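This report concerns only the one structure given below.
The values are calculated or read from the model by the stated rules, or taken from the named source; none is laboratory data. Just so it is clear, the structure is predicted and the values come from calculations on it, not from any experiment. Quick reminder, even Gly has a Cβ in these numbers, built from the backbone with ideal geometry, and neighbours come from all protein chains shown.
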Amino acid sequence: MFALPPAAHVHFIAICGTAMGSLAGMMRERGCRVTGSDAHVYPPMSTFLADLGIEVQPGFDAARLNPAPDLVVVGNAVSRGNPEVEAALDRRLPYASLPEVLRDHFLRDRRPVVVTGTHGKTTTTAMVAHLFAQGNLDPSFLIAGLPRNFPRPFGLGRGKYFAVEGDEYDSAFFAKWAKFFYYLPEVLIVNNIEFDHADIYEDLEAIENAFRQVINLVPRSGLVLAGGGDPVLARLLPASPAPVQTFGLETGAYWRATEVEVTTQGQHFTLAHQGESLGRFFLPLSGEYNIRNALAALGAGLWAGLSTGQLQEGLCSFKGVRRRQEELGVAGGVTLIDDFAHHPTAVGQTLRGLRQAHPQGRLWAVFEPASASNARAVFEAQYLDAFAPADRVIVGRVPRPERARGDEPFSGERLAQGLRQRGKGAWHLPETEQILAHLEAQVGSGEVVVFMSNGGFGGVQGRFLAALRQRHGA
């Protein structure tokens with residue numbers, strides 16, 4: 001561990017991501033002076049950091065390392081050639097990645113509950129933190145999203161548990177391996193394993209190997225909570241040194257949801273433990289995948305000693321995470337939803353859940369292929385099935401086509417054409433104004449529009465809602 005002096009100066013290079021900004025806030029609460037730089041400084045993160053008393057400047061400048069900070073935290077969005085990175089290396093300043101700092105300064109004296117998997121990490125981490133907080137365990141947490149039950153995406157509680165989202169994405173230019181290797185899991189939740197992050201991992205085998213290694217880090221006194229029915233996980237679990245409990249809707253799952261009832265407000269289900277009912281639960285979110293997320297969080301809560309009653313009360317008050325099935329508003333009878341889904345599995349799961357919750361009226365999916373993987377054609381064919389639950393699909397442009405890096409690039413027109421060949425109304429509209437005009441002309445009362453992107457999508461979500469409100473005087 002790199003020991004910091006009292007009131008240390010910690011400088012963050014690329015501070016404005018949710019996880020980096022949260023870590024910066026945690027260091028500030030520990031009494032450090034925190035500064036940061038980023039190529040893109042804008043609300044809400046810039047406002048969030050300013051409110052915490054953190055100095056953030058746009059762009060990168062080696063002069064910001066004069067006088068020398070006690071520690072430089074390097075984000076994984078920067079690489080060699082960045083002027084601040086080069087200055088830190090030239091001057092041999094102490095530097096570290098985000099997960100290293102989190103481990104050494106916040107996790108070693110806690111009991112980490114680490115949430116991993118290709119899908120559902122953010123929502124499940126937020127659920128764990130909320131259930132533990134409602135159960136008076138006063139946990140610490142770090143979530144790579146904006147939880148609606150807390151005023152900010154991190155918290156430093158006085159309790160012994162720390163809920164942290166364990167990302168399989170790389171740690172820094174000098175640490176090209178998964179962040180979750182650093183997080184000292186006592187409880188490891190693995191929701192599922194699929195191929196993703198084509199810019200980091202060559203294939204599914206490479207991702208599977210990373211999860212094999214993190215499962216091997218759980219102590220024998222700990223616990224692995226694993227998604228049942230996942231074929232990749234099934235190959236890895238027999239070698240786990242720690243006890244394993246599966247969760248899911250499948251027969252034989254250690255924690256199982258049965259008697260699921262879907263309503264427009266959410267889902268009711270019975271929690272069963274090895275065939276024995278533990279009671280009826282209500283989850284105010286749609287989609288079978290969110291029931292799986294809830295089962296993982298409930299398993300962690302029961303491991304931590306929470307009662308069934310505490311968990312029932314906590315789950316029904318869970319508000320979700322911003323941009324995960326977030327209802328933006330209803331205007332003119334049109335329901336607008338913002339969602340982070342971008343991998344084809346997540347897109348399909350989200351749309352199936354929304355179709356169940358809103359069985360009447362047309363369901364529109366408006367998709368921005370904004371992730372690094374989506375700059376490539378690697379998932380293009382899978383989207384043909386993923387968009388099946390939607391009645392109408394609009395495919396936007398790739399915001400950063402350079403991410404394809406020589407691979408075959410994603411084609412929005414090709415995807416839209418493939419969907420039309422399957423009989424679905426589908427359009428490739430590369431410009432925000434085209435999308436807005438199309439939606440304003442085509443969407444009517446009783447319909448649902450879900451915007452799906454892990455990027456900003458040019459603010460089209462808010463602009464369409466504003467246009468509807470202006471038209472209908474809402």
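Here are a few things to note about the model shown:
- Scan of region 60-79 for residues that are within 24 Å of Y169 (Cα to Cα) and over 21 Å from the mean Cα position of the chain (by Cα), ordered by number: F60, L71, V72, V73, S79
- Members of region 314-371 found to be surrounded by 19 or more Cβ atoms within 10 Å (Cβ to Cβ) and at positive phi, listed by number: G320, R323, Q325
- Residue list for region 156-189, filter: in a strand (DSSP E or B), modelled with pLDDT under 95 and of a type outside the set (S, T, N, Q): E165, D170, A172, A175, K176, W177, A178
- Once region 27-38 is narrowed to residues that are in contact with a His (Cβ under 9 Å, 6 or more places away or on another chain) and surrounded by fewer than 21 Cβ atoms within 10 Å (Cβ to Cβ), the residue that is farthest from D104 (Cα to Cα) is T35.
- Qualifying positions in region 27-73 - aliphatic (A, V, I, L, M) and more than 24 Å from G456 (Cβ to Cβ): M27, V34, A62, A63, L65, A68, L71, V72, V73
- Residues in region 336-370 that are among the hydrophobic types (A, V, I, L, M, F, W, C) and either within 19 Å of V321 (Cβ to Cβ) or over 20 Å from the mean Cα position of the chain (by Cα) (or both): L336, I337, F340, A341, A346, V347, L351, L354, A357, L363, W364, A370.
- Tally of residues being more than 23 Å from D61 (Cβ to Cβ) and either in a loop (DSSP other than H, G, I, E, B) or more than 22 Å from the chain's Cα centre (by Cα) (or both) across region 4-19: 4
To keep it simple, each residue is scored yes or no on (1) part of a helix (DSSP H, G or I); (2) in contact with a Lys or Arg (Cβ under 9 Å, 6 or more places away or on another chain); (3) surrounded by 21 or more Cβ atoms within 10 Å (Cβ to Cβ).
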position: S46; (1), (2), (3): yes, no, no
position: Q57; (1), (2), (3): no, yes, no
position: A63; (1), (2), (3): yes, no, no
position: V72; (1), (2), (3): no, no, yes
position: S79; (1), (2), (3): no, no, no
position: E84; (1), (2), (3): yes, yes, yes
position: L89; (1), (2), (3): yes, yes, no
position: A96; (1), (2), (3): no, no, yes
position: L102; (1), (2), (3): yes, yes, yes
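- Residue in region 308-329 that is within 18 Å of V395 (Cα to Cα) and in contact with a strand residue (DSSP E or B) (Cβ under 7 Å, 6 or more places away or on another chain) present: no
- Residue within region 151-167 that is crowded, with 21+ Cβ neighbours inside 10 Å, of a type in the set (A, V, I, L, M, F, W, C) and more than 21 Å from A14 (Cα to Cα) present: yes
- Matching residues, region 215-234, being modelled with pLDDT under 95 and either surrounded by 13 or more Cβ atoms within 10 Å (Cβ to Cβ) or not in a helix (DSSP H, G or I) (or both): G227, G228, G229, D230, V232, L233, A234
- Residues of region 433-453 satisfying the condition of being farther than 13 Å from R397 by Cα and polar (S, T, N, Q): Q442, S445
- The one condition in (1) surrounded by 16 or more Cβ atoms within 10 Å (Cβ to Cβ); (2) within 30 Å of K160 (Cα to Cα); (3) at pLDDT below 90 that V41 fails to fulfil: (2)
- Test result for V113, aliphatic (A, V, I, L, M), in the same structural domain as G228 (by TED's automatic domain parsing) and either in a strand (DSSP E or B) or farther than 21 Å from G222 by Cα (or both): yes
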